[in-house]
Amino acid sequence: MLPKRGAAQPLGFAHIKAKWFWELTVDFVEHAVRRDQHRIHAREYAGDEPSIVLMHGFPDNLHLYDRLVPYLSPRRTVTFDFLGWGASDKPLGYPYTAENQEEDLDAVIKQLKLEQVVLVAHDASGPPAINWALQHPNQVSALVLLNTYYCAMPTLRPPEAIFLFSTPVIRNIARPVSAMFNHFIFRRVYWWQVGRFFRDAEVRHQFVPLLYEQFDATASTRPAFFSLNEDLLGTVGAGTEKMSKLKQFGRPVRIIFGAKDPYLNKGVAQRFHELFPTSDLFLLPTARHFVQMDEPQEVARLILSTPAERN
C-alpha cells in the first residue's frame, strides 16, 4: 500500500494522517508556503526543537523521506517540495536553479517560524542547504549531509541520466529525441536510473512509480528537471569557488553516506569530511544513493544523535 496523501491546501493547512506500508502512522500538518506568487507544498510533523528540515534532490520530491520520518519522532520535522516538484507549483518559464531553491528553503523556514534548524540535505539539495547554512550559521543547530554534493571533487561521478541531460552538447540532442517519442525514452531512463538508487527490490517497486508520478502529471516537473540539469555545472563551479568557506563553518556537521553509491560515493563523503573541520563521518556499508530509503532507522538514529548547538 502506498502512502496516503492529502490534497494541498491553498494558503492554509490541514491535519492529515499518513500510513506507510510498514504500518507506521504519523500525523502531519500540510502547509502552503508562499514564495512570491507561487506556493511551496510543505508537511510539518509536530515535536521537540530544534526542527529537522529534510530536503530532496532531483529527480525526487518529499516522498523521498517517507520511510525516514516516522523514526524521527518526537522531533519537529518539516519536509517540502521545491518549486517545480511534487505538489508545489510548477510555473512555466521559471528559473529553476540551486540559487532559487535556497530562497525556497528560506521561505519555508521563515513562514513556518523555524528558529533553530537541523538541515538535512540529499543529492541536489546540498548546494542550497550548505549555502543557506553559510549565510545563517546562528540559526543552524547542525548540518546533515546524505549522499550529496557541493563542489568539484575527485571521485564525484554524475549518474548516467544526469550526465545525459546536463552535458551541454548531449542534452541538446537528448531532450528533443525524448519529446519526439512522447517521453518514452525519458521514462525508461528514469525508471532504470532511479531504480539503481535503491538497494531493496520491495522498496524500489513501491517508490519508483510514486516518485515518477510528478513527471506525467498535467503540470509536469520536467521543466524543473531540465532547468536544474542546465544549472548543474554552474552550481558546482560556484561551490568550488566557495570551498574555503566550508573550512570556516563552525557548526556541527554530520556526514551519512551510503557506501554503495557509485556516484555520490564514499570518496565524496571523505572529501566533505576534510572540508568541514567540525564534521563526523558515517558510511553505511550496504546502502546506496537513497540512504534514507535503504537504512531509515539507522539514518534517523544518526540524525537524532547529531551534536546540536543552540543560541
Among (1) assigned to a helix (DSSP H, G or I); (2) out of contact with any helix residue (DSSP H, G or I) (no Cβ under 8 Å at 6 or more places or on another chain); (3) surrounded by 14 or more Cβ atoms within 10 Å (Cβ to Cβ), the one test that ALA300 misses: (2)
Is it the case, given these coordinates, that HIS273 is closer than 23 Å to ALA98 by Cα and open to solvent by 10 Å² or more (accessible area, probe 1.4 Å)? yes
Can you spot a residue in region 130-147 that is at pLDDT 95 or above, more than 29 Å from ARG34 (Cβ to Cβ) and within 17 Å of the chain's Cα centre (by Cα)? yes
Say we look at region 150-166 and pick out the residues that are open to solvent by less than 20 Å² (accessible area, probe 1.4 Å) and not hydrophobic (A, V, I, L, M, F, W, C); which of these is modelled with the lowest pLDDT? SER166
What residue, among those in region 126-147 that are in a helix (DSSP H, G or I) and among the polar types (S, T, N, Q), is most open to solvent (accessible area, probe 1.4 Å)? GLN135
Pairs please, first residue from region 276-289 and in contact (Cβ under 8 Å) with a residue 24 or more places away in the chain and exposed (fewer than 15 other Cβ atoms within 10 Å of the Cβ), second anywhere and part of a loop (DSSP other than H, G, I, E, B) and of a type outside the set (Ser, Thr, Tyr), Cβ atoms under 7 Å, 6+ apart in sequence or on different chains. PRO277/LYS247; PRO285/ALA259; THR286/ARG199; THR286/LYS260
Restricting to region 236-263, name every residue that is surrounded by 16 or more Cβ atoms within 10 Å (Cβ to Cβ), closer than 17 Å to LEU119 by Cβ and not aromatic (Phe, Trp, Tyr). GLY239, LEU246, ARG251, PRO252, VAL253, ARG254, ILE255, ILE256
Do you know which residues across region 73-101 are over 23 Å from VAL117 (Cα atoms) and basic (Lys, Arg)? LYS90
Between ALA300, ALA269, which is within 16 Å of the chain's Cα centre (by Cα) and hydrophobic (A, V, I, L, M, F, W, C)? ALA300
Can you tell me which of GLY239, GLY250 is of a type outside the set (Val, Ile, Thr), touching a helix residue (DSSP H, G or I) at 6+ places or on another chain (Cβ under 9 Å) and not in a loop (DSSP other than H, G, I, E, B)? GLY239
Would you be able to tell me the number of residues in region 187-219 that are of a type in the set (Ser, Thr, Tyr), surrounded by fewer than 18 Cβ atoms within 10 Å (Cβ to Cβ) and in contact with a helix residue (DSSP H, G or I) (Cβ under 7 Å, 6 or more places away or on another chain)? 1
Somewhere in region 96-103, is a residue without any contact (Cβ under 8 Å) to a residue 24 or more places away in the chain, surrounded by fewer than 21 Cβ atoms within 10 Å (Cβ to Cβ), farther than 23 Å from ILE255 by Cβ and out of contact with any His (no Cβ under 7 Å at 6 or more places or on another chain)? yes
Pair list, Cβ under 9 Å, 6 or more apart: region 199-220 residue assigned to a loop (DSSP other than H, G, I, E, B), other residue among the charged types (D, E, K, R) and open to solvent by 50 Å² or more (accessible area, probe 1.4 Å): ARG199/LYS260; ARG199/ARG288; ARG199/GLU295
Restricting to region 256-281, count the residues that are under 15 Å from GLY126 (Cα atoms) and either of a type in the set (D, E, K, R) or at pLDDT below 95 (or both). 1
Name the one entry in ASP48, ASP106 that is open to solvent by 30 Å² or more (accessible area, probe 1.4 Å) and without any contact (Cβ under 8 Å) to a residue 60 or more places away in the chain. ASP48
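The values are calculated or read from the model by the stated rules, or taken from the named source; none is laboratory data. What you see is a predicted model, and the numbers here were worked out from it, not measured in a lab. Methodologically, a virtual Cβ is constructed for each residue, glycine included, from the backbone with ideal geometry; neighbour enumeration extends over all protein chains shown. To get the accessible areas, we keep the full protein, side chains included, count just its heavy atoms, and leave off ligands, DNA and RNA. Shrake-Rupley method; radii C 1.70, N 1.55, O 1.52, S 1.80 Å.
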